[in-house]
Amino acid sequence: MLEPMRFAYADPPYYGCGRRYYSHHPEAAAWDDQATHLALVERLVDEFPDGWALSCNTRDLRWLLPACPEDVRIGSWVKPFGSGYKPGIRVSYTWEPVIWRGGRKRHQAGEPITRDTLTSNATRQLGLVGAKPAAFNRWVLDLLGYQDGDELVDLFPGTGGMAAAANQGRLL
């Protein structure tokens, strides 16, 4: 058995979207400040050296990435069903980045390999805007190399989907 690792996942209210979470998150307005997101990156780096993942908005990559260590990677969650008509919007936004760092190294040949992209529909009506689907949660765990016995700290547990995925074990 491999030594247990400690990972974190963060899915904060995206920059500029705090108002959508006022009823769910007492400090949601703080997430409308870039400094709050940059402090989160610093916390992830400092407290989770084994690995972490951060969901964000595509437009925020240009100011988040310079705050990240050089060894971060970017995964893409592609949503095949894009939102329809939105006033003033010409392009349908159908992907979200996940910045991740570290994780378990591949232990032996033949272990499953995780792609840095996931195609999965978004969730609807889970009671919280931005709740991620089960396939997404499993994918993030796989990006980190999460295994039974590891610790996962979900900094924004929302609907509890990430904890449920971690408790289900690896799907082959």
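No value in this document is a laboratory result; all are computed from the given coordinates. Since we're looking at a predicted model, the values are computed, not measured. Counting neighbours? That spans all protein chains shown, and the Cβs are built from the backbone with ideal geometry, glycine included.
List of remarks:
- D46-Q168 pseudo-label distance in nm [points 7 Å out on the Cα-to-Cβ vector]: 3.5
- Within the chain, the longest segment free of exposed loop sites, counting GluC sites (Glu not before Pro) that fall outside DSSP classes H, G, I, E and B and have at most 13 other Cβ atoms within 10 Å, spans 71-172.
- For Y9, nonlocal amide neighbours, meaning residues 5 or more places apart or on other chains whose placed amide H falls under 5 Å from its own, are A53, V153, D154, L155.
- Additional length obtainable on full extension of the chain from F81 to R19, 0.36 nm per residue less Cα span: 19.8 nm
- Between the amide H of T119 and those of V78, distances stay under 5 Å, these residues lying 5 or more places away or on another chain, with hydrogens modeled in the peptide plane.
- Exposure proxy order (Cβ contacts within 10 Å, fewest to most) of I89, I99, I74: I89, I74, I99
- In sequence order, calculated HN-Hα J values of the stretch 71-79 (Karplus, 6.51, -1.76, 1.60; Hz; x Gly/Pro): 8, 6, 10, 10, x, 10, 9, 9, 9
- Candidates Y14, Y146, Y93: whichever shows maximal mean-square fluctuation once the chain is modelled as a Gaussian network with Cα springs under 10 Å: Y93
- Expected 222 nm ellipticity per residue - DSSP helices of 4 or more, -39500 (n - 2.57), all of the chain, to 500: -6000 deg cm²/dmol
- Relative to the 2.2 N^0.38 Å rule of thumb, the chain has a C-alpha radius of gyration ratio of 1.03.
- Cβ crowding within 10 Å, taken as a proxy for footprinting-reagent exposure, orders V45, V98 from fewest neighbours to most as V45, V98.
- Look at K132, K105 and count the other Cβ atoms within 10 Å of each Cβ; fewest to most, that gives K105, K132.
- Axis of helix 34-47 versus longest Cα principal axis of the chain: the two differ by about 10°, to the nearest ten degrees.
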